[in-house]
Protein chains: 2
Amino acid sequence: MAVGSETSRPRVIIVGGGFAGLATANALARAPVDIVLVDRQNHHCFQPLLYQVATAALSPADIAWPIRAILSRQENLRVVMARVTAVDTEAQTVQADALTLPYDYLVLASGVTHAYFGHDEWEGAAPGLKQLEDAREIRARFLLAFERAEVAEDEAAQRRHLTFVVVGGGPTGVEMAGAMAEVAHETLRADFRRIDPRRSRIVLIEAGPRILPALPDNLSNYAKSALERMGVEVMTHTRVTDCTRNGVAVDAGAPIEASTIVWAAGVVASPAAQWIGAAHDRAGRITVNADLSVPGHPNVFAAGDLASVPNVPGIAPAAKQMGRYIGRLIASRAKGQDAPKPFHYYHAGDLAAIGRRAAVVKIGRFELTGFLGWMFWGVAHIYFLIGLRNRFVVAITWLWSWLTFRRGARLISADEE
Amino acid sequence: MAVGSETSRPRVIIVGGGFAGLATANALARAPVDIVLVDRQNHHCFQPLLYQVATAALSPADIAWPIRAILSRQENLRVVMARVTAVDTEAQTVQADALTLPYDYLVLASGVTHAYFGHDEWEGAAPGLKQLEDAREIRARFLLAFERAEVAEDEAAQRRHLTFVVVGGGPTGVEMAGAMAEVAHETLRADFRRIDPRRSRIVLIEAGPRILPALPDNLSNYAKSALERMGVEVMTHTRVTDCTRNGVAVDAGAPIEASTIVWAAGVVASPAAQWIGAAHDRAGRITVNADLSVPGHPNVFAAGDLASVPNVPGIAPAAKQMGRYIGRLIASRAKGQDAPKPFHYYHAGDLAAIGRRAAVVKIGRFELTGFLGWMFWGVAHIYFLIGLRNRFVVAITWLWSWLTFRRGARLISADEE
């Protein structure tokens, strides 16, 4: 079945309701076009706080919002919840489940998922953290490990259950490790009788020479010692060579027995490059022209984590800037105006939280660490959340957690295992 | 492996961390006993608000709390997350996964689950609402129905996706039907382009002569007309004869095509009666003595929905009263004091919310309906929630929903189907 507009306005299809897709849609709000936004999920997820769902601080709904509700007032747009399986660049159609959707402009913004450097068999043992389901799964494993340790028969099993490995020293890995240390050493301290959660071992493994490589040396060193003060073992220059349900093997040292492993190391793009037969880098990200269009397809664009643009990192502000740029470019063309200048990325800064007391922040030449950095991090994240209720609930939950050391979302879902 | 106390204090095992189990534990807080509370979930769930999770108003964590956290200060108690599979009343042990736990007193409070009157094959088509996973599942189906209607190819399919059937006219059924009508007619009204969610059909089916049979005629009639004003079709004197993924068949009238069915009709007790070979009623609830002990087993008690006590309804206040009674009785025996008088149930009242504007409340001779009833209902439920954060977040979420008609937890989990 073909579903299309009956007007003669250009039809725009946006694949993906992440930061890039939403920014494209917003930039086209007043343009004379008919937009269909396709996503296989019904919600936009604020990925920068996903680790807080995985560590039981926030609920999934606190950082997610129905895409329909975000865009319900945009009358030139409809949302379709479906999985894109193919694109026909000749016929100019997108196949989304049973629907065949025609387009004049196509914006691919379907993001990335975690990758295991050719070891897909590690996925079962070491889930990654890209969507809400992942966070719920990691939360269940993390909390269940303490439950299992409490009833474990021998000390070796107990120790394995109380060892947590995070692979990858980027912002997600650092934030995960810090939050896990906080839960083990503070939140749970009084809740068990046979084990002492404070004896948990949290190991952060990074293949490169230092964690948070996007930040300058001094901040990266600060982050390392802040994590170590929280009880996290930081292993740099260490490459994981195997992941199983019992732990990880590494190239530099003895294997680490652990029943919980979180993968925050590599990503691979969604298969959009294959849909259109486009050139892509090793991670599957589509190589784009200076105007973010796909070479050979002037009406097809790639944005966000899916686009490979030199010197542009895979972070939310970059995705938003690309989406906005593409939206404006399509709006100009639809109105018959000149195309805008090539895409230029403005790097606002980098930041990462380390537990509840510290963060590293670098905005231009401005640097912050410690508690002030943490406050800045918190305010910035609340500011970028969507919706008044979510901002309010997250702010209150953080304040409450901060005062009580408690975490409100310690739920183990029944469908785990 | 046997895990027990090494002191000579009486060992109490409580099976189930619902209202009855927690009340038993609380009543034993200062008693000279060693308690093990066993639950297969890590959290206590506030079931009276489960329908609000199922209809996307609240997050699971807003109405749930880790049992460990609730009881962490109670030093004579430990919590074990495990599934009880057997009880040996001769050896006085409980088998919970790999653990064999010895007891001197056993309190069975493992509750009930939904039952299909001998038609277990209906479960896939008509999930019930007893735990958080059920609520998440129903939420996904409910929201997905609108997504499917939006892309449906023919009008018959669209109509089927936009028809919602709730089976059972007790408080849960009434609250579900009212909340579903609210979501369809108000929350989602602007979010779709090809369908009009306000054209959804919500049908509440009750086999008996009237809904809310525990309430007097006038309140029951009020609830019926309040639901009808919200657009719910209330069918009384109607028995469901079949449930499939395409709808329900009934004894009085044509089949109803519907892709979403919620079961709120019958319950069956957890298999505790079989564990101990006790007499039970048709629903599997254990017949108990006047002191809530199980006939022939003076040191085994049944509480909450699991106990069959004449004229005591299966509601939270009754479960709490039973749990408190049993806790006090065991405390008396442990201290060598006289046994208390037989259990006496005090019925505080009945209440049910009907959407966002009305409720029916009956406390003794005091009756409330309409908006005042709704306010009373809301305050009562917030009061009985556990924890300051949850009370605060639920109150704010309700206020926000009330002002904006929005719902904060419209998430479709990816693992649906």
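Just so you know, all these numbers are worked out from the coordinates, no wet-lab data involved. In this text, all values refer to a predicted model and were calculated from it rather than measured experimentally. In this analysis, Cβ positions are derived from the backbone assuming ideal geometry, glycine residues included, and neighbour counts consider all displayed protein chains.
For the reader, a short list of remarks on this structure follows.
- Measuring r between the beta carbons of B:His119 and B:Thr236 and using R0 = 35 Å, the FRET efficiency lands at 0.95.
- Over chain B, relative contact order from alpha-carbon pairs under 8 Å, at least 6 apart, %: 21 percent
- Three-way shape label, the range B:38-128, alpha-carbon gyration tensor, a/c 1.5: oblate
- Basic side chains Lys and Arg get +1 at the Cβ, acidic Asp and Glu get -1 at the Cβ, and with that the dipole of the range A:227-299 about its Cα centre reaches some 140 debye.
- Fraction of beta bridges assigned by DSSP in the protein assembly as shown that are antiparallel (%, nearest 5): 50 percent
- Each residue of the range A:319-326 is assigned a 3J(HN,Hα), and the resulting list reads 4, 4, 4, 5, x, 4, 4, 5 Hz, derived from the Karplus form 6.51 cos²θ - 1.76 cosθ + 1.60 (θ = phi - 60°), x at Gly and Pro.
- Highest GNM mean-square fluctuation among B:Asp120, B:Asp39, B:Asp134, for chain B modelled with Cα contacts below 10 Å: B:Asp120.
- Förster radius 25 Å - calculated FRET efficiency between A:Arg365 and A:Ile396, Cβ distance, rounded to 0.05: 0.15
- Between copies, the label points at A:Asn246 (set 7 angstrom from Cα along Cα-to-Cβ) are spaced 5.2 nm, reported in nanometres from shortest to longest.
- Here is the list for the range B:96-205: trypsin sites (Lys or Arg not before Pro) lying in DSSP coil, each with at most 13 other C-beta atoms within 10 angstrom of its C-beta, are B:Arg194.
- Think of the range A:34-159 as a dipole: +1 on every Lys or Arg Cβ, -1 on every Asp or Glu Cβ, centred on the Cα centre; then among A:Ile35, A:Tyr116, A:Leu106, A:Ile35 lies furthest on the positive end.
- Amide hydrogen neighbours beyond the local backbone of B:Trp65, cut-off 5 Å, H modeled: B:His44
- Against chain A, whose longest principal axis is taken from its Cα atoms, helix A:388-404 shows a tilt of about 10°.
- Expressed to the nearest 5 percent, the antiparallel share of DSSP beta bridges inside chain B is 50 percent.
- Nearest-first distances (nm) between copies at B:Glu228, label 7 Å from Cα via Cβ: 7.5
- Label-point gap, in nm, between A:Glu75 and A:Ala249 - each point 7 angstrom along Cα→Cβ: 6.4 nm
- The protein assembly as shown shape via C-alpha gyration tensor axes, a/c threshold 1.5: oblate
- Just checking the listed ones, B:Val80, B:Val234, B:Val151: in the Gaussian network model of chain B with Cα springs under 10 Å, the one fluctuating most is B:Val151.
- Only one residue of B:Ala264, B:Ala318, B:Val294 has its Cα farthest out toward the positive end of the dipole of the range B:237-370, where Lys and Arg carry +1 and Asp and Glu -1 on Cβ, and that residue is B:Ala318.
- For the residues A:Glu123, A:Glu367, A:Glu90, a GNM of chain A with alpha-carbon springs under 10 Å puts the largest fluctuation on A:Glu90.
- Relative contact order of the range B:49-126, pairs being alpha-carbon contacts under 8 Å that are 6 or more residues apart, as %: 12 percent
- Among beta bridges identified by DSSP and lying wholly in the range B:118-265, the antiparallel ones come to about 30 percent.
- Convex hull volume per residue for the range B:118-265, taking Cα atoms only, in Å³: 108 Å³
- Against the main long axis of the alpha-carbon atoms of chain A, helix A:370-384 sits at an angle near 30°.
- The range B:76-103 versus the range A:155-225: alpha-carbon centroid distance in Å: 34 Å
- Between the amide H of A:His114 and those of A:Val268, distances stay under 5 Å, these residues lying 5 or more places away or on another chain, with hydrogens modeled in the peptide plane.
- Counting only Cβ charges, +1 for Lys and Arg and -1 for Asp and Glu, the dipole size of the protein assembly as shown around its Cα centre is about 2660 debye.
- Listed by chain and number, the aspartates and glutamates placed with their C-alpha closer than 17 angstrom to that of A:Lys335 are A:Asp34, A:Asp104; residues fewer than eight positions away on the same chain are left out.
- Helix A:132-151 axis, angle to chain A major axis (alpha carbon atoms, nearest 10°): 10 degrees
- Legend: residue pairs B:Lys130/B:Lys224; B:Lys320/B:Lys341; A:Lys224/A:Lys341; A:Lys130/A:Lys320, Cα-Cα distance threshold 29 Å; pairs beyond threshold, A:Lys224/A:Lys341.
- Label 7 Å beyond Cα on the Cβ vector: B:Arg357 copy-to-copy distances, nm: 5.4
- The modelled label-to-label distance between A:Glu228 and B:Arg83, using points 7 Å beyond Cα along the C-beta direction, is 4.5 nm.
- For B:Val234, the residues 5 or more places off, or on other chains, whose built amide H falls under 5 Å of its own are B:Leu204.
- Think of it as helices only: each DSSP H run of n ≥ 4 in chain A is worth -39500 (n - 2.57), and spread over all residues that comes to -9500 deg cm²/dmol at 222 nm.
- ³J(HN,Hα), Karplus 6.51/-1.76/1.60, whole Hz, each residue of the range B:166-177, x for Gly, Pro: 10, 9, x, x, x, x, 4, x, 5, 5, 4, 4
- Residue of chain A whose Cβ sits closest to the axis mapping A onto B, with distance in whole Å: A:Ser59, 2
- Computed from backbone phi with θ = phi - 60° and the Karplus coefficients 6.51, -1.76 and 1.60, the 3J(HN,Hα) list for the range B:13-18 is 10, 10, 9, x, x, x Hz; x is used for glycine and proline.
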